[in-house]
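First up is the structure itself, then whatever we jot down about it.
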Amino acid sequence: MKHTQPTNMIYIAILRGINVSGSKKLPMAELRTLLTSLDFTEVQTYIQSGNVVFKSSEKNQEKLGSQIAEAIKKQYDYDVPVLVKTIEEWKTAIANNPFTETDISKQGITFLATIPEATTIEIDSKDDRFKIISSEIYLDCPGGFGRTKLTNNFFERKLNTQATTRNWKTIYKLLHLAEAMEN
């Protein structure tokens, strides 16, 4: 009987709130080393805000997110929410963008840890728009992200789940890194 190696899946992990305003400092080289110590392979990071692409034989994404969060807590003594997605989930999130008619540089996706029960939230967000689809919130903020009321904290309070937002440049770069691992 032939023994086969478990197939490694490619994942995209996004961490919330590291290297922001001088708090929760976590150099990407140290993050790569930490994840490699968890038996993840081909670990790559993108910019300093906690974007990681890696391979793992583990099939449970929640477990992977917990492993990463626990390792950061153990090594650095602070809590960091971690969301883990497959390439397929990432591509679906990209394809579901309802705001394709406007400037993509003023848009982003807020990724949620769970699918919220509510899909509508009342807020006077001026010209900013959002739409909840599955476990993503699509943002269109013509005035820029620095001025919007549509923040991670706002959505976490209203929807009772963890949230972290990425702009489209980062979203596409993470997809590109993940797809490069497929070959």
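The values are calculated or read from the model by the stated rules, or taken from the named source; none is laboratory data. None of the values given here were measured: they were computed from a predicted structure. So basically every Cβ, Gly included, is an ideal-geometry build from the backbone, and we count neighbours across all protein chains shown. Accessible surface areas use protein heavy atoms only, side chains included; no ligands, DNA or RNA. Shrake-Rupley method; radii C 1.70, N 1.55, O 1.52, S 1.80 Å.
The figures follow:
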item	result
The chain - Rg (one decimal) and Dmax (whole number), Cα, Å	16.8, 65
The chain - accessible surface per residue (Å², probe 1.4 Å)	56 Å²
Region 45-155, dipole about Cα centre (Lys/Arg Cβ +1, Asp/Glu Cβ -1), debye to the nearest 20	280 debye
Length released on extending from ILE123 to ARG32, taking residue separation times 0.36 nm less the Cα-Cα span	28.9 nm
Accessible area of region 81-183 belonging to carbon and sulfur atoms, whole % at 1.4 Å probe	47 percent
For q = 0.24, 0.29 Å⁻¹, Debye-computed log10 I/I(0) when each Cα of region 116-182 counts as one equal scatterer	-1.11, -1.39
